[in-house]
1. As a footprinting exposure proxy, order B:CYS145, B:CYS85 by other Cβ within 10 Å, with the fewest listed first.
2. Hey, which lysines would be in cross-link range of B:LYS38, C-alpha to C-alpha under 18 Å, not counting anything within fewer than 8 residues on its own chain?
3. For segment A:244-324, calculate the relative contact order in percent as a whole number, restricting contacts to Cα pairs under 8 Å that are 6 or more residues apart.
4. Pull out the extension gain between A:ASP29 and A:THR254, defined as 0.36 nm times the separation in residues minus the alpha carbon to alpha carbon distance; nm, one decimal.
5. Which net charge results for the neighbourhood of A:LEU70, defined as the other residues with beta-carbon distances under 9 angstrom from its beta-carbon, given Lys and Arg at +1 and Asp and Glu at -1?
6. Are there chymotrypsin sites (Phe, Trp or Tyr not before Pro) in segment B:52-107 that DSSP puts in a loop and that have at most 16 other Cβ atoms within 10 Å, and which ones?
7. Among B:ASN227, B:GLY214, B:SER13, which residue has its Cα furthest toward the positive end of the charge dipole of chain B, with +1 on Lys/Arg Cβ and -1 on Asp/Glu Cβ?
8. Count charges around A:TRP320 for me, please; just the other residues with Cβ under 11 Å from its Cβ, Lys/Arg as +1, Asp/Glu as -1.
Amino acid sequence: MVLPQPDRPVLVSIRNLSRSFGVVQAVDDVSLDVYAGEFLTLLGPSGSGKTTVLRMIAGFEKPDRGSIELGGTDVSQLPPYERDVNTVFQDYALFPHMDVISNIEYGLRVKGVEKVERRARALVALEQVRLGGYGERKPAQLSGGQRQRVALARALVNRPSVLLLDEPLGALDLKLREQMQIELKELQREVGITFIFVTHDQEEALTMSDRIAIFNRGKIEQLGTPREVYDNPYTTFVSEFVGQTNKYDLNGTTINIRPEFITISKGETFGDRTVAGKLRDAIFVGATTRFLVDTVDGGTLIATQRHEDIAVGDSVILSWESEKEFLVN
Amino acid sequence: MTISKGARYALTSLMGIGLAFIYVPITVVVINSFNASKTFSWPPNEFTTKWWSKAIENRGVREALGWSITAGLSATAIALVLGTCLAYAVSRYSFFGKEVISLLVVLPISLPGVVTGIALSNAFNQQIGLSTGVLTIVIGHATFCIVVVYNNALARLKRMGTSLQEASMDLGANGITTFRLITLPNLASALFAGGLLAFGLSFDEIVVTTFTAGPGIETLPIWIYNNLFRPNQAPIVNVVAATLIVVSVIPIYLSQRLSQDSTSGGRF
């Protein structure tokens, strides 16, 4: 399932990785190549194994079987402090007894970089995450978004070959999260470091990633660009986890169609498929409205589009292009 | 919860009586240490600090104070090292018999002192052949001092979680560096609080001390006990008792303050 990207060398090569906790098979025979400089997202619901894969790359968990190669060397048995990767933690894990600049310097300090140089590099990193002047503060005096940036600077200042991010935006409010998504992506292009990003938020994954690996029950269900994953989901799980999907029984065959490809109207049709029905509910969600329609043959379809002047209970026609339908295994 | 006026008055006065039972006698001891009358006529009609100077000049008192401090500091030091190690092991690793060990560590504080005392005394004299002296007092005190250090350290380690250590290792620090630069500084205030409590416990301990102190070694509580019924010494006994009260109360007050501070500001 690994897509060839011949212009970039493979940096992280994961082969047949497995890990169980008691009776739970958290990661089940996962193989994955990560290319140098790419932004790869591990996407899946909680308990799907994505975080365990990340923790095995970082070295916090040892795999039961399989190998993790970093730049051609198997690192799967090395302790975290001997791997050229750094992590941005979900709870940031800033050291509460150190000020911001000492937090950022920490990695250089324990590696024996001398004081003048590490201070200079830490200040550059602080500027890079746009927190210049905050060096003297303690983590407790920062907001959630600022702590997040400090955690990022603390990892990036070491110039790791891979940066691991474990749901780093989960604790931020929506507005800040969307802003950080863009910033993070820009930062990644700027520094050119490979990012492996874990999230359960499909929108986040689609926004930021070069490629997405979708995890379910310890396995990768699909690996591809956001576009490929969205337009051509291989499995029902992927189609339902990434975006929304109508599963609809049409003359004995089950078809899958995204709500945004369905047009709702009172008479006109747009496309070669048409289904009549009655509007059960219209949910205004800002830019679009979600229309829930009970069809004449007893099914339900959801159409998402700009608001239409249709009242609940009205008879409507749903239409779409059959080529927008997709099949899953 | 709302309670009637009558009930509130009743509860308030009950609480007042309860507190008075505990603190009036203690206050009397402290006041009497300044009472000029040698027979402690009450209420005192004159105050003096001469008992305090006499107590300071008294050789027995000074020696006892020295032994108490030596025993307290040594027992606290042992408790800090062993208690921290135990708490670290119990909080960070899983191993066979962990729960049992956890219980066994905490048990000595609830064992009757007389049982601990007799057991230790037997062990020292008969099984090990160690003659009782200041070393045996220190070992005896360490058995219950460990408990408070262990409890404080364990609570802090559990609240710290593992992510700070993971972050440190992730940034390139090995286990020892991580303990020195990250774990220990974040544990420090809990250890200080535990150490203060341990010292306070050791300083006023008498039961275990009675059984583990050799002849000729008197800690302050034992000195009081030995001099309690000598009328000549009565004024000095009050002074020593007042000192014991102060030395035991300050650590407990400080350690409570410290634990409160650390719950609000130690972690975010």
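1. Fewest-to-most ranking of B:CYS145, B:CYS85: B:CYS85, B:CYS145.
2. By straight Cα distance, B:LYS38 reaches B:LYS50, B:LYS54.
3. Values: 178 pairs, mean separation 30.6, N = 81.
Once divided by the residue count of segment A:244-324, the mean separation gives 38 percent.
4. Length difference between fully extended and current span is 77.9 nm.
5. Values: positive: A:ARG83; negative: A:GLU69, A:ASP74, A:ASP84.
Spelling it out: positives minus negatives among the neighbours equals -2.
6. Values: sites: B:TRP52, B:TRP67, B:TYR88, B:TYR93, B:PHE95, B:PHE96; in loops: B:TYR93, B:PHE95, B:PHE96.
The qualifying sites are B:TYR93, B:PHE95, B:PHE96.
7. B:SER13
8. -2
Values quoted throughout were computed directly from the atomic coordinates according to the rules given, and no laboratory measurement underlies them. Values in this document were obtained by computation on a predicted structure and should not be read as measured data. Note: ideal-geometry Cβ built from the backbone for every residue, glycine included; neighbour counts use all protein chains shown.
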